Amino acid sequence: GLESVGQLLIASATGRAKGTRIKVLRELLGFEVGSIMDYLRNIVELVSPAEEVDLADLIKRLEGGTLVFVSKELGISEAKRITEYLNSRGIKAAIANSRKPLEWLREGKADVLVGVSTYYGILTRGIDEPLRIYNTVFWGVPKFEFNLESLLTNPRGLAKALYEVSKKGYELGEEEKYLLRAFSRLSPGKLKVLQGGLRGYVELEGYLKELKERTEAIIPKVMNFISRYVAENGKFVTDSYIVVDKGGRLVARIPDVMTYIQASGRCSRLYKGSMTLGLSIVLYHDKDILRIFQRKLKNYVSAYEPKELSKADLEKIEEQQRASRSGKEIGRDVNRIKSALIVVESPTKARTIAKMFGYPGKRYLTEYIAYETVISLGKTVYVATIAPTLGHLLDLTVNEGLHGITKNMRGLTPMYTTIKRCYDCGYQFTEDVDKCPRCGSSRIRNSKRVIEALRKLAQEVDEVFLATDPDDEGEKIAYDVYLVLRPYNSSFKRIEFHEVTRKGFLKALKHPRAINDRRVSAQIVRRVDDRLIGFELSTVLKERLGKYWVGGGRVQTPVLRWIVDRYQEYLRSRGFLVVIKLPGRYRLTYFTKDKEEAEEVLKHLSENPVKLTLLKTEVRDINPKPPYTTDTLLSDGIRRLKLSPGKVMRLAQELFELGLITYHRTDSTHVSSTGIEIAKEYLKAVGKEAEIHPRGWGAEGTHECIRPTKPVSNLDDVEDSGFTLFNNFTWYHKRLYDLIFRRFIASQMRPAKVEEGLYLADLGRVSIEVKIPVRIIEAGFTQIDPILTLPNLYGKEEILIQPEEVKLIKASEVRLFTASDVIRLMKEKEIGRPSTYAKAVENNMRHGYVIASKRLLYLIPTKLGMEVADLVSKYYPELASIKATREMEDLLDLVREGKLSRHTALVLLLSDVIRIRYGERLMKMHEEGEGIKVEAAGEAATEA
Ligand SMILES: [Zn+2]
């Protein structure tokens, strides 16, 4: 039940029979108790250089019992030395090498226990004495230590090391760059296999074998560089580890924050409903290790604010320590502990949220892993379970009514049911069948299983938070979760955040709201429209073309028309293009339909340079572009990274779920004050403070532009879990993030001043006018988002330039569309939305109507695509029209604004279906030479 969660937590702190209770918790609730409890901390954290402190003097000043943790590399002998020293100074200290000394501490026969700081040590985990243990003292930062070689035989470790050595003067050659690229494109599984090969555990073949050999050639070079560096500088410091020479052997030392959290947690325990105040002191021997340790620790314990020991008021701390153990405060200033279920869509998002509050506990359910963490919000502490829905839970059924729409006493009702997905072919369907309708496989995942798991979780908690994505689709998923969980819990809150960061999440948690019915309705209407148009159109197209895989859709079909029209225009305007590559990546082009003329220009330029004559110059202020919205991000992702629209959206979704960018489905260019601060912070850090020029880019609405959530320019610098040294980003994640980052930072920088020349370019038989930027007078934002210039031209009235290359290609005056052009057009004609841009293009490709050229991603219609486009234009001109599609979006806006009921919208949609059916009849009758019967329309209406 709900109450028992809190009660069990409190009972577990009495210090008796706790083993059984923890077992009960784990068995009944699936809780990993230890891991979560560690984050409920109430600890004053102090640091000091070890050499400035006499351990005995320090301990004599402290109140209550103390645990001393000796850093692992110093070993048990150091622990013994310390114990003997403390004894010699009259302190009752003992080595904690068995359970016996723990009893001495309990009975007051010992005041100090000394041990080595390891994660599974007796001192670290086996002691729960809130009234006896006041302090933990760390002799050296807890750390791991291992051979540098084993770090470098991990491909990600090598990649990280290459990045670090390059910052210290190691020249990255072609071979190193090749390896870095190759590693970043390997899947995590393949990386593991390669690592096995490098360490001699597995025999590799083919590409991986080649990669292994090339890697083995580089490792000694990196080893040598680091070895020399350590010999000269004493140590090699990176942002996550340091390398030192330990008796002729190079070892890497990595702070062990998990052990620190566990061990220091011994001085702050749950006692009579609140946490006792602990004091934890880290005495460090190496400032660099301390710095890395503190940065990593902040990822887990966000409240970590260490002070210097020499400046701390120990007496005051001791007074508070005593008070927190007196039990007098109970009932006054106590945190309320509540349990909560937080539902999101994806496992990645669940993990990102869980990790913001410390290393999460895991809970293994039949379908997936849920995460457990502790979230403090004001006086409330949530013991939270974070679970994903794995996408949509419900979809329109096909079995009932007209494509899932039924008519009853209350009017039209869309009927929803659980979603089934085929593990083998990926097909998604709603029919209740044992075998996949497409491939016949019986390996099917039913969202019913997820619903059952969520129900089990919902039953155990005080509150359910619906934390799905901030748009109509997310609202609908939240609504579905509410529908299926309603019988199992009575408290539901919707929280909406545009970035998966601690700040964004806590703000949302502080301001929960009810589910927005109008947004849910808009999404339902969109889905019904998709279904109706899709099914009806497919049925008709199948009959007409005699093919079974043809389909169509609301936005998809006008987009197909554009692509077909553009292609036909392209064919009509074919000719020849002379491409002249100038130095500095600059290109001039000349198009003509006259083959002879084109060949003459080619001949002239292969014998003569291009003569440029200055006509006039102009100095212009160029402003940076606004930050990305969905359509502009798609355009650049497609054009510059040569990715498909779907791939761009998937990468952006992952970056969002990993907490690295704001929500990627947005129409807004607006930058919040948080965003402006991030740009400022970054520009200050790179010494470009003078270039800061904050811009809000439009009024604040519910959404924001797509921007980074951290002032970090390179994903390689993003700290991942802290448990893994290296992150998992692919080359594409990095490139897309780079685009987003540059575009955003540039949008917060001063304009550039550029001198542009208008030139007459003499190409022999013909001349053309071209505008070329020749000089950047004030760099402004171009320092981050560069523009191409030809500086050689500056100050010259006339110049001869030898082209690097001239070629003649068959081309057209009209360029074929790329997906990028089509998306821009959808935005311009207002027929798409951030949620549909990519789908409209991808669906045409999936249906085999359109293919993309390999190199430039030009969209070319297939024969089938042209047939479908013609058929739709001929018989259903309205459906394919931009007007009808825009009207549909307007309809959805009205529903979203509450100006039109869901029911009325559905009635309007059904009339479209009637038109399609009626159109079909009209066509048949026309072919059969019959007149039009008025009843036909009426009949169709009854059917619907
Ligand atoms: Zn299948």
By the gyration tensor of its Cα atoms, with a ≥ b ≥ c the square roots of the eigenvalues, what is the shape of the stretch 471-595: rounded for a/c under 1.5, prolate for a/b over b/c, or oblate?
oblate
Treating only Lys and Arg (+1) and Asp and Glu (-1) as charged, each at its beta carbon, one finds that the stretch 316-425 has a dipole about its Cα centre, in Debye to the nearest 20, of 420
Given 0.36 nm per residue, what is the gain on full extension from Ser77 to Thr380 after removing their alpha carbon distance, in nm?
104.6 nm
What order do you get for 169-181, 665-677 when each peptide is scored by the mean count of other beta carbon atoms within 10 Å, highest first?
665-677, 169-181
Charge dipole (the stretch 630-747, unit charges on Cβ, about Cα centre) - positive-most of Thr630, Ser644, Thr709
Ser644
For Lys109, counting only lysines whose alpha-carbon sits under 17 Å away and dropping same-chain residues fewer than eight positions off, the answer is Lys60, Lys92, Lys100
In µm²/s, what is D for the stretch 251-290 at 10 °C and 1.306 mPa s, where D = kT/(6 pi eta Rh) by Stokes-Einstein and Rh is the Kirkwood radius from Cα pairs?
131
At 7 Å along the Cα-to-beta-carbon direction for both Arg214 and Val53, put a label point, then send me their distance in nm to one decimal.
5.0
Tell me the label-point distance for the pair Lys854, Glu431, using the 7 Å Cα-to-Cβ offset, in nm and rounded to one decimal.
3.8
Answer rounded, prolate or oblate for the stretch 336-515, using the Cα gyration tensor with square roots of eigenvalues a ≥ b ≥ c: rounded when a/c is under 1.5, else prolate when a/b is larger than b/c, else oblate.
prolate
Assign one of three labels to the stretch 630-747, namely rounded, prolate or oblate, based on the Cα gyration tensor with a ≥ b ≥ c the square roots of its eigenvalues; rounded applies when a/c is under 1.5, prolate when it is not and a/b is larger than b/c, and oblate otherwise.
oblate
Using the beta-carbon distance between Glu203 and Tyr119 and R0 = 41 Å, what value does 1/(1 + (r/R0)^6) give for FRET efficiency, to the nearest 0.05?
0.75
Once amide hydrogens are built 1.01 Å from N within the peptide plane, the residues lying 5 or more places from Glu372 or on another chain with amide H under 5 Å from its amide H are Gly361, Lys362, Arg363, Ile386
Please report the antiparallel percentage of the DSSP beta bridges confined to the stretch 336-515, to the nearest 5.
60
How high is the FRET efficiency between Lys874 and Arg438 when r is their beta carbon distance and R₀ equals 30 Å, given to the nearest 0.05?
0.50
Given Cβ point charges of +1 (Lys, Arg) and -1 (Asp, Glu) and nothing else, what value in debye, to the nearest 20, does the dipole of the chain about its Cα centre take?
1740
Mean shadow area of the stretch 563-690, taken as a quarter of the surface of its Cα convex hull (nm²):
13.7
For the stretch 395-458, how big is Rg over Rh, using alpha carbon atoms and the Kirkwood form of Rh?
1.07
Entries in Lys72/Lys143; Lys338/Lys448; Lys542/Lys874; Lys688/Lys771; Lys771/Lys807; Lys338/Lys493 that, when Cα-Cα distance is taken, lie over 18 Å:
Lys338/Lys448; Lys688/Lys771; Lys771/Lys807
Chain lengthening between Glu596 and Lys92 when straightened (0.36 nm per residue, less Cα-Cα)
171.2 nm
Solvent-accessible surface (1.4 angstrom probe) belonging to Glu210, in square angstrom, nearest 10
80
Which length gain, in nm to one decimal place, applies between Lys771 and Ala323 when the Cα-Cα distance is subtracted from 0.36 nm times their residue separation?
153.6 nm
Please report Rg (one decimal) and Dmax (integer) in Å for the Cα set of the stretch 203-360.
23.0, 71
Tell me, what is the FRET efficiency for Thr366 and Arg486 to the nearest 0.05, using R0 = 35 angstrom and their Cβ-Cβ distance as r?
0.95
To the nearest whole percent, what portion of all C-alpha pairs in the stretch 146-250 is separated by more than 22 angstrom?
29
Calculated log₁₀ intensity ratio I(q)/I(0) where the Debye formula runs over C-alpha points of the chain, q = 0.10 Å⁻¹
-1.34
Fraction of beta bridges assigned by DSSP in the chain that are antiparallel (%, nearest 5):
65
What's the magnitude of the charge dipole for the stretch 630-747 around its Cα centre, counting Lys and Arg as +1 and Asp and Glu as -1 at the beta-carbon? Answer in Debye, nearest 20.
480
For peptides 141-152, 756-767, sequence by mean Cβ density within 10 Å, most packed first
141-152, 756-767
Work from the charge dipole of the chain (Cβ charges, +1 for Lys and Arg, -1 for Asp and Glu, about the Cα centre) and give the residue of Met826, Leu250, Ala56 farthest towards its positive end.
Ala56
Along Cα→Cβ, 7 Å out, is where each label goes; now give me the distance between the ones at Ser911 and Arg295 in nm to one decimal.
6.4
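The values are calculated or read from the model by the stated rules, or taken from the named source; none is laboratory data. Worth saying up front: this structure is predicted, and the values here are computed from it rather than measured. Heads up, the Cβs are rebuilt from the backbone with ideal geometry, glycines too, and the neighbour counts pull from every protein chain shown. Ligands, DNA and RNA are excluded from the accessible area calculation, which covers all protein heavy atoms including side chains. Shrake-Rupley method; radii C 1.70, N 1.55, O 1.52, S 1.80 Å.
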